[in-house]
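> Dumping the structure here so I can ask a few things about it.
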Amino acid sequence: MNNKKIYDFLIVGSGLYGSIMAHELSKNGYKVLVIEKRDHIGGNIYTKKMNNIDVHVYGAHIFHTSNEKVWNYLNSFIKFNNFINSPLAFYKGKYYHMPFNMNTFNEIWGVKTKEEAIRKIEEEKSKENIKEIKNLEDQAISLVGRTIYEYLIKGYTEKQWGKKCNELPSFIIKRLPLRFEYNNNYFNDIYQGIPLGGYTKLIEELLKNVEVKLNEDFLKKRDYYKNIANFIIYSGPIDEYYDYKLGKLEYRSLKFELEKINQEFYQRNCVINYTDTTPSYTRIIEHKYFENDKSDVTYITKEYPVQYKEGMERYYPLNDEKNNLLYEKYKDEAKNEANILFSGRLGRYKYYDMDDVCELAFNDLKLFNIDI
Ligand code: UDP
């Protein structure tokens, strides 16, 4: 790369994606600057220590993957504990186990064996006559029948996405495992856990030898920033970069209500989903469970899904046809740029898990001849 400019790479955004890119590029001898709009590193995986508890400030992040490369890579920076996500659902005064497994079927129908559970689901399905899966409702009922759909899926999903289940794409629910065993592990992956000491520590390790500037908004100084680096890796929203000239990509946002409670524990489980239409929050998480933190007090977060408006945080891209098409138009626009790569969750407008983000970074690094 030519050396006319101060930096070889400017990385916009210090989330997991930007931090891996920054780490690897600087390890390979490039001069790298990371700028971050917020007053802290880490993007949405940022954790903050409060009374010795690592609080997941932007919602629960539970790492899980079946990708050995990703797992070994992250473990070379930080050790993970053996936290297993096993949320409970609360519906009309009763708790149910998640994801859908023999415990759930037993709680709902009193059945004890796989055969009995399958028979129950088939019985419910046969009353519905679904020939083709057109939306999330069809998908859910075909998977677990109407009772579970109504107890554990409908209310939660409609609060989460602000739309009726029969207007939502079916892929959303495909994230949830269905098992005919007594196993409450929410994920099917081989590896799972929480970084010991919090996600912020992982990001700090990644950025240890990298220059980082906080409270810096690229879009407010774009001419300046374009002039100081040969290449820009932009992990912010692609539509905002182009001043929304083709239209706005839609998101679902969240409002978090963090409460400190002066008692050792608040609830019986780390994550409790509220699957009825009320209350309006979808879940309460109790942070100290993530790392088994010891403290006389506890912190909980109530999570309220809200419609995204400008100025809010973007959480879930609404990957429906209309928005995906708009994203493709921005992507075409980006092809005209010689020295900028749009990537990460916001740059690619995709509902990524954390391990997907790592894989994405590994793939993007190949563009610069770096092989992880
Ligand atoms: N879901 C549900 N009931 C629950 C939890 C999840 O119906 O108790 C559905 C809902 O449609 C949600 C999807 O499963 O949008 C994915 O949920 P998950 O918890 O995997 O997503 P996250 O919000 O943690 O990314």
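The values are calculated or read from the model by the stated rules, or taken from the named source; none is laboratory data. Values in this document were obtained by computation on a predicted structure and should not be read as measured data. Quick reminder, even Gly has a Cβ in these numbers, built from the backbone with ideal geometry, and neighbours come from all protein chains shown. These accessible areas exclude ligands, DNA and RNA; they are computed on the full protein's heavy atoms, side chains included. Shrake-Rupley method; radii C 1.70, N 1.55, O 1.52, S 1.80 Å.
> Name the residues in the stretch 270-297 that are within 16 Å of the ligand (Cβ to nearest atom) and assigned to a helix (DSSP H, G or I), would you?
TYR289, PHE290
> Among the residues of the stretch 5-24, which ones are of a type in the set (A, V, I, L, M) and either out of contact with any Asp or Glu (no Cβ under 7 Å at 6 or more places or on another chain) or free of Cβ contacts under 8 Å to residues at least 24 places away in the same chain (or both)?
Within the stretch 5-24, ILE6, LEU10, ILE11, VAL12, LEU16, ILE20, ALA22 qualify.
> Output yes when any residue across the stretch 324-334 is open to solvent by 20 Å² or more (accessible area, probe 1.4 Å), in a loop (DSSP other than H, G, I, E, B), more than 23 Å from GLN192 (Cβ to Cβ) and without any contact (Cβ under 8 Å) to a residue 60 or more places away in the chain, and no when none is.
no
> Keeping to the stretch 298-346, report how many residues are within 16 Å of the ligand (Cβ to nearest atom) and hydrophobic (A, V, I, L, M, F, W, C).
3
> Something else about it: Out of the stretch 1-26, which residues are open to solvent by 10 Å² or more (accessible area, probe 1.4 Å) and either among the small types (Gly, Ala, Ser) or within 10 Å of LEU206 (Cα to Cα) (or both)?
GLY13, GLY15, LEU16, HIS23, SER26
> Would you call PHE290 surrounded by fewer than 17 Cβ atoms within 10 Å (Cβ to Cβ) and under 30 Å from HIS97 (Cα atoms)?
no
> Can you tell me which residue within the stretch 86-102, out of those that are farther than 11 Å from PHE180 by Cβ and either among the small types (Gly, Ala, Ser) or away from the ligand (no atom under 12 Å from the Cβ) (or both), is surrounded by the most Cβ atoms within 10 Å (Cβ to Cβ)?
Among those residues, the one meeting the criterion is ALA89.
> Among residues belonging to the stretch 33-64 that are of a type in the set (A, V, I, L, M) and more than 16 Å from the ligand (Cβ to nearest atom), point out the one that is surrounded by the most Cβ atoms within 10 Å (Cβ to Cβ).
VAL34
> Taking only the stretch 148-183 into account, find how many residues are among the polar types (S, T, N, Q) and open to solvent by less than 40 Å² (accessible area, probe 1.4 Å).
In the first step, residues of the stretch 148-183 are kept if they are among the polar types (S, T, N, Q); the result is 157, 160, 166, 170, 183.
Cutting the leftovers down to open to solvent by less than 40 Å² (accessible area, probe 1.4 Å) gives us 157, 160, 170.
Within the stretch 148-183, residues that are among the polar types (S, T, N, Q) and open to solvent by less than 40 Å² (accessible area, probe 1.4 Å) number 3.
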